[in-house]
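A short worksheet on the structure shown next.
A short reminder: the numbers here are calculations on the coordinates, not readings from a lab. Remember, it's a predicted structure, so these values are computed and weren't measured experimentally. Note that each Cβ is placed from the backbone with ideal geometry, even for glycine, and that neighbours are counted across all protein chains shown.
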């Protein structure tokens, strides 16, 4: 067991730290982000898990052997299709498109709460700690059968917040009988 | 007295898997469960599982449960529900109770897959209605679609506490906070990240001092603790809640194995007392096998593989599988089991399992 | 409410204080604690409290938890109506 | 509160409605569900009062093990409500202490 002096990071906050993300082979380089839509894999622990590897039609994600290895992301091969997003059991894969417009970027993430937002809604984008980061417009809500009830939501957010926004603020569900 | 080749006790992840393998090999299998529905905890697991394709990663537990039951049916497993195994007696004889009716069932091989139960945590007010096991809340929301309350405090940041918190949010409740006595999150970070994004704070080095309320829980007092678990004065906080869930660990449910006279070993990180077993999942009593959480707390994926291993070994012992066939199939399962026990999360379990196998050789 | 008043056995409403007091009389096993305090002798037969009692017993007698053996496991494993119990064969060989 | 719609499980397909008599008042329940969830959905938390301290108790394990949720059902005390399915017309009473064996309100016959 680690001691109380442990550095801030996923084991002490539930949020991967900047250092952990930078050190993760699934986290794309800034250069790759500038080129077009790519996925951002925020997987920083050695969990025995590899469905992302098989899910990628481009072979851009490699876990290999042992299965606890962190996924290695090859931005050259990634076309930003996002097939891996709903597959990840840890919901740790996102997609960022920095090239969307002059001042806006797109952020896509898995979402499993009701009510689902609708295309065109203005919602609050939240960061990794659930903190409200900005207003954002819902550009797409994908939930085909193959996603098995995990929706993938795409928001347009101010470009400088693209690496901060990772979900949207849950609205109080009205899901009584 | 009824007779059967293989009696499997507990129709959860391990028990169904064991039944499938034994029945596929040609054994006559009866799978017994005290509940109205089979599946054990699988149908509460509405999240996608980790692992590899062979472990059915990316598929929700509820789907895996449905598929397993289908396979069991195809394999010819006889499932007896609403049936309590009230005792395990000499000559591998099980005492069964179904409603007001009792009977005895004698088996050539018994596979115990009775799972685990939630560990309690005693504090002032823990007997108030509204204080319950996290597993209880999970059963209520995911099986019976009924919320036990609207504002929940979760105690424990292991995988159970994290997953059930997330599922409470999905069912429409608010989770006020997760408190955890340890200075680190025990469960997978990705589970913690999901609920942090959903706005739930995780308070480490915190404990619940008490639950208060008139006829049911209305408040909980929490406090920071030092590394000796002593509450730090002045750090108390009162949270308005109506439900307090305990997710402070599981312990193996081993009553039948104790009753039978199996030898046990105590391994704290695996949940406490565990029936000693060999690499075929056979206990110290010939013909009595164990699988799943009863053999040390792990997860559904490992329970399924252990079940398969026990089922194959049972079939082999009955002569339904040749030595070569048995050896080959068991090796495949063991390899899959191994991969689930590597990495920093699996290390402790891997060591625990080794300790169990080693103690098998010593008397 | 003090720590001593915390209920340990939910069925028989036995407190931590009562269990500790019993142990101070010299009890060392789960079976003894059960018989003297009734902790674990209620409707659920110790399913919830036995771990808590074992922890208290270990701590009060300065032993590691693994030195405290659980109390004897006897049938039935679940609540059984007395009528059903009475209908069982008298000798289960 | 019932979970009518769910992001993963979809819309609930509720069973047929039945009526329980709980401490003399009708309570709606859904066929096939355990007594305990019907009571929780109706907003009830207290299922019994203990023998010594007369403390309220409710659902704790929801698995039929802890016996905290027992009530007097059709005249029979100590019935685990979390694993006992509802039946139309079932007579359920808050259990006080060890409960009392009663005559069945349904059949008029002595229970047990």
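Along its three principal axes, how long is the stretch A:45-114 when you only count alpha carbons? Whole Å, largest extent first please.
Between the extreme Cα coordinates on each principal axis of the stretch A:45-114 lie 42, 35, 20 Å.
For helix B:300-317, what angle does its Cα long axis make with the longest principal axis of chain B, in degrees from 0 to 90 and rounded to 10?
Tilt relative to chain B: about 20 degrees.
Run lengths n ≥ 4 of DSSP H only: what is the helix-derived mean residue ellipticity at 222 nm for chain B, with -39500 (n - 2.57) per run over all residues, to the nearest 500?
Helix-only estimate at 222 nm: -10000 deg cm²/dmol.
Over its Cα atoms, what ratio of radius of gyration to 2.2 N^0.38 Å does the stretch B:218-363 give?
It is 1.36.
Of the candidates D:93, D:28, D:13, which one comes out as most mobile in a Gaussian network treatment of chain D with C-alpha springs shorter than 10 Å?
Highest fluctuation of the listed residues: D:13.
How would B:191, B:214 line up from fewest to most surrounding beta-carbon atoms within 10 angstrom?
Result, fewest neighbours first: B:214, B:191.
More than 26 Å apart: what percent of Cα pairs in the stretch B:127-269 qualify?
28
Any idea what angle helix B:343-361 forms with the longest principal axis of chain B, computed on alpha-carbon atoms, 0 to 90 degrees, nearest 10?
Computed tilt is about 40 degrees.
Only counting other Cβ atoms within 10 Å, I'd like A:52, C:11 sorted with the fewest neighbours first.
Taking fewest neighbouring Cβ atoms as first place, the list is C:11, A:52.
Rounded, prolate or oblate, given the Cα gyration tensor of chain B, with a/c below 1.5 counting as rounded?
Prolate shape, in that a/c is at least 1.5 and a/b is the bigger ratio.
Using 0.36 nm per residue of separation minus the Cα-Cα distance, give me the extension gain between residue A:149 and residue A:54 in nm, one decimal. Before the final figure, lay out each step's value.
Numbers: separation 95, 0.36 × 95 = 34.20 nm, distance 1.96 nm.
Working it through step by step, the gained length comes to 32.2 nm.
Taking only the C-alpha atoms, wrap a convex hull around the stretch B:225-280 and report its volume per residue in Å³ as a whole number. All intermediate terms of the calculation are to be shown ahead of the outcome.
On the way: hull volume 8.6 nm³, N = 56.
Per-residue hull volume (Cα only) is 153 Å³.
Report, as an integer, the average count of C-beta atoms from other chains found within 10 Å of each Cβ along B:170-176. Before the final figure, lay out each step's value.
On the way: counts 11, 10, 14, 3, 3, 0, 0.
Whole-number average of other-chain Cβ neighbours for B:170-176 is 6.
Would you tell me the mean number of C-beta atoms belonging to other protein chains that fall within 10 Å of each C-beta in D:72-79, as a whole number? Don't skip to the end; give the middle numbers.
Numbers: counts 0, 0, 0, 0, 1, 1, 3, 2.
Counting Cβ atoms of other protein chains within 10 Å of each residue's Cβ and averaging gives 1.
Beyond 35 Å, what share of the Cα-Cα pairs of the protein assembly as shown remains, rounded to the nearest whole percent? Walk me through the numbers on the way to the answer.
Values: 128884 of 277140 pairs.
More than 35 Å apart: 47 percent of the Cα pairs in the protein assembly as shown.
Convex hull over the alpha-carbon atoms of the stretch B:46-85: what's its volume per residue in Å³?
Given the Cα convex hull of the stretch B:46-85, per-residue volume reads 102 Å³.
Is the C-alpha gyration tensor of the stretch D:47-89 telling us rounded, prolate or oblate? Criteria: a/c under 1.5 is rounded; beyond that, a/b larger than b/c is prolate, otherwise oblate.
It is oblate, given that a/c is not under 1.5 and a/b is not larger than b/c.
Which whole-angstrom value gives the distance between the alpha carbon centres of the stretch A:22-95 and the stretch B:140-167?
Here the answer is 30 Å between Cα centres.
Per residue of B:47-55, what is the mean number of Cβ atoms on other protein chains within 10 angstrom of that residue's Cβ?
6
Considering only DSSP beta bridges with both partners in chain B, what is the antiparallel share in %, to the nearest 5?
50
Give, in nm to one decimal, the length gained when the segment between residue D:42 and residue D:94 is fully stretched (0.36 nm per residue of separation minus the Cα-Cα distance). Intermediate results must be reported in sequence, preceding the final value.
Working: separation 52, 0.36 × 52 = 18.72 nm, distance 1.45 nm.
Answer, rounded to one decimal: 17.3 nm.
Report the Stokes-Einstein translational diffusion coefficient (µm² s⁻¹, integer) for the stretch D:1-71, Rh taken as the Kirkwood radius over Cα pairs, at 25 °C with viscosity 0.890 mPa s. Each step should come with its number before you reach the end.
Working: Rh = 13.7 Å.
Calculated translational D: 179 µm²/s.
Can you put B:295, A:13 in order, fewest other beta carbons within 10 Å first?
A:13, B:295
How high is the FRET efficiency from residue B:89 to residue C:72, r the C-beta distance, R0 22 Å, rounded to 0.05?
0.90
Would you please classify the overall shape of chain A from the alpha carbon gyration tensor, given that a ≥ b ≥ c denote the square roots of the eigenvalues, rounded means a/c under 1.5, and beyond that prolate means a/b larger than b/c while oblate covers the rest?
Since a/c stays below 1.5, the shape of chain A is classed as rounded.
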